[in-house]
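Participant: Handing you this structure, nothing more for now.
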């Protein structure tokens with residue numbers, strides 16, 4: 001079974017203190033790989049170091065929209081230099097978050113475009129965070145795709161069916177987190193049941209968003225097996241089959257990764 005946690009934060013509080021055991025528990029549940037995501041430039045060295053130490057862990061480099069104001073002057077050069085590391089396989093997470101508005105919206109948009117240019121230049125997939133920002137996310141991705149295609153996915157998908165359809169039309173993949181298991185996520189569950197089988201990934205976003213039956217606990221990469229099993233049920237397939245399918249999709253999208 002090729003189960004991959006395509007988005008986790010192994011260096012965040014709640015996981016980093018017990019990182020070796022966290023990884024061990026995930027491996028015992030069948031998780032074969034982990035994409036460790038960065039959100040601030042000062043995290044990059046530690047996140048890459050984890051990927052250097054653990055052969056089944058890879059790294060991303062990027063700036064979360066919450067942190068955009070603190071990185072408004074970050075240029076392409078810094079991202080390009082970090083992206084050249086052999087264990088860095090993705091650009092992000094980046095994007096737009098208008099729910100919390102922790103950073104100026106124009107700064108978020110400008111930095112999002114910087115990440116897109118780096119994804120286009122390197123060929124590394126863009127990892128997109130979007131919340132309450134469907135229109136601007138769509139507009140920016142459409143405009144940037146018009147300048148030249150780039151690989152990308154929407155992580156922790158919680159948006160509308162219309163947004164999902166447009167992202168799929170533009171060639172993006174969609175990753176599902178533990179939110180899909182929540183009782184009030186009926187619309188998301190309907191979308192998850194119909195996603196094309198070659199565009200779907202699964203993730204935890206650990207230490208956040210623990211799926212049922214772990215609600216209220218610190219989320220761990222091991223819990224991606226619960227999300228996978230739930231989504232498999234929605235799609236009328238087995239957990240093993242969906243794990244293999246989403247694992248294959250991960251390695252096709254993140255083509256720099258290998259086990």
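The values are calculated or read from the model by the stated rules, or taken from the named source; none is laboratory data. Model, not experiment: these values are computed from the prediction. Virtual Cβ from ideal backbone geometry, glycine too; neighbours counted across all protein chains shown.
Participant: Going by what's in this entry, would residue 207 be described as under 15 Å from the mean Cα position of the chain (by Cα) and either in a helix (DSSP H, G or I) or at pLDDT 95 or above (or both)?
Facilitator: Details: under 15 Å from the mean Cα position of the chain (by Cα): yes; either in a helix (DSSP H, G or I) or at pLDDT 95 or above (or both): yes.
Taking the combined requirement at face value, the residue satisfies it.
Participant: Given the options 45, 26, name the one that is over 26 Å from residue 82 (Cα atoms) and either in contact (Cβ under 8 Å) with a residue 12 or more places away in the chain or in a helix (DSSP H, G or I) (or both).
Facilitator: Step by step, each of 45, 26 is checked, and only 26 is over 26 Å from residue 82 (Cα atoms) and either in contact (Cβ under 8 Å) with a residue 12 or more places away in the chain or in a helix (DSSP H, G or I) (or both).
Participant: Being surrounded by fewer than 21 Cβ atoms within 10 Å (Cβ to Cβ) and in contact (Cβ under 8 Å) with a residue 40 or more places away in the chain is the filter here, so list the residues in region 48-61 that pass it.
Facilitator: Residues satisfying the conditions are 50, 55, 56.
Participant: Might you let me know whether region 26-39 holds any residue that is out of contact with any helix residue (DSSP H, G or I) (no Cβ under 7 Å at 6 or more places or on another chain) and over 29 Å from residue 241 (Cα atoms)?
Facilitator: no
Participant: Turning to a different aspect of this structure: Among the candidates 229, 222, which residue alone is modelled with pLDDT of 95 or more and within 16 Å of residue 175 (Cα to Cα)?
Facilitator: Of 229, 222, the one residue that is modelled with pLDDT of 95 or more and within 16 Å of residue 175 (Cα to Cα) is 229.
Participant: What number of residues in region 1-21 are out of contact with any strand residue (DSSP E or B) (no Cβ under 9 Å at 6 or more places or on another chain), touching a residue at least 40 places away in the same chain (Cβ under 8 Å) and not in a loop (DSSP other than H, G, I, E, B)? Talk me through it step by step, then tell me what you get.
Facilitator: Let us first name the residues in region 1-21 that are out of contact with any strand residue (DSSP E or B) (no Cβ under 9 Å at 6 or more places or on another chain), namely 12-14, 16-21.
When the remaining residues are screened for being touching a residue at least 40 places away in the same chain (Cβ under 8 Å), the result is 12-14.
Cutting the leftovers down to not in a loop (DSSP other than H, G, I, E, B) gives us none.
The total comes to 0.
Participant: Also, I was wondering about something else. Residue 231 is checked against (1) assigned to a helix (DSSP H, G or I); (2) farther than 14 Å from residue 192 by Cβ; (3) in contact (Cβ under 8 Å) with a residue 24 or more places away in the chain and fails just one. What number does that condition carry?
Facilitator: The one condition residue 231 does not meet is (2).
Participant: Now for a separate question. Given the conditions (1) in contact with a helix residue (DSSP H, G or I) (Cβ under 6 Å, 6 or more places away or on another chain); (2) assigned to a loop (DSSP other than H, G, I, E, B); (3) touching a residue at least 60 places away in the same chain (Cβ under 8 Å), and given that residue 201 satisfies all but one, which numbered condition is not satisfied?
Facilitator: Of everything listed in (1) in contact with a helix residue (DSSP H, G or I) (Cβ under 6 Å, 6 or more places away or on another chain); (2) assigned to a loop (DSSP other than H, G, I, E, B); (3) touching a residue at least 60 places away in the same chain (Cβ under 8 Å), residue 201 misses just condition (2).
Participant: Right, another one. Kindly indicate whether residue 243 is within 22 Å of residue 87 (Cα to Cα) and touching a strand residue (DSSP E or B) at 6+ places or on another chain (Cβ under 8 Å).
Facilitator: When the stated conditions are applied, residue 243 does not pass them.
Participant: Still on this structure, please answer the following. If residue 105 satisfies all but one of (1) surrounded by fewer than 19 Cβ atoms within 10 Å (Cβ to Cβ); (2) within 21 Å of residue 9 (Cα to Cα); (3) touching a strand residue (DSSP E or B) at 6+ places or on another chain (Cβ under 8 Å), what's the number of the condition it fails?
Facilitator: Just one mismatch for residue 105, condition (2).
Participant: Report yes if some residue within region 171-181 is touching a helix residue (DSSP H, G or I) at 6+ places or on another chain (Cβ under 7 Å), surrounded by 21 or more Cβ atoms within 10 Å (Cβ to Cβ), touching a residue at least 40 places away in the same chain (Cβ under 8 Å) and within 22 Å of residue 78 (Cβ to Cβ); otherwise report no.
Facilitator: No, because not a single residue in region 171-181 is touching a helix residue (DSSP H, G or I) at 6+ places or on another chain (Cβ under 7 Å), surrounded by 21 or more Cβ atoms within 10 Å (Cβ to Cβ), touching a residue at least 40 places away in the same chain (Cβ under 8 Å) and within 22 Å of residue 78 (Cβ to Cβ).
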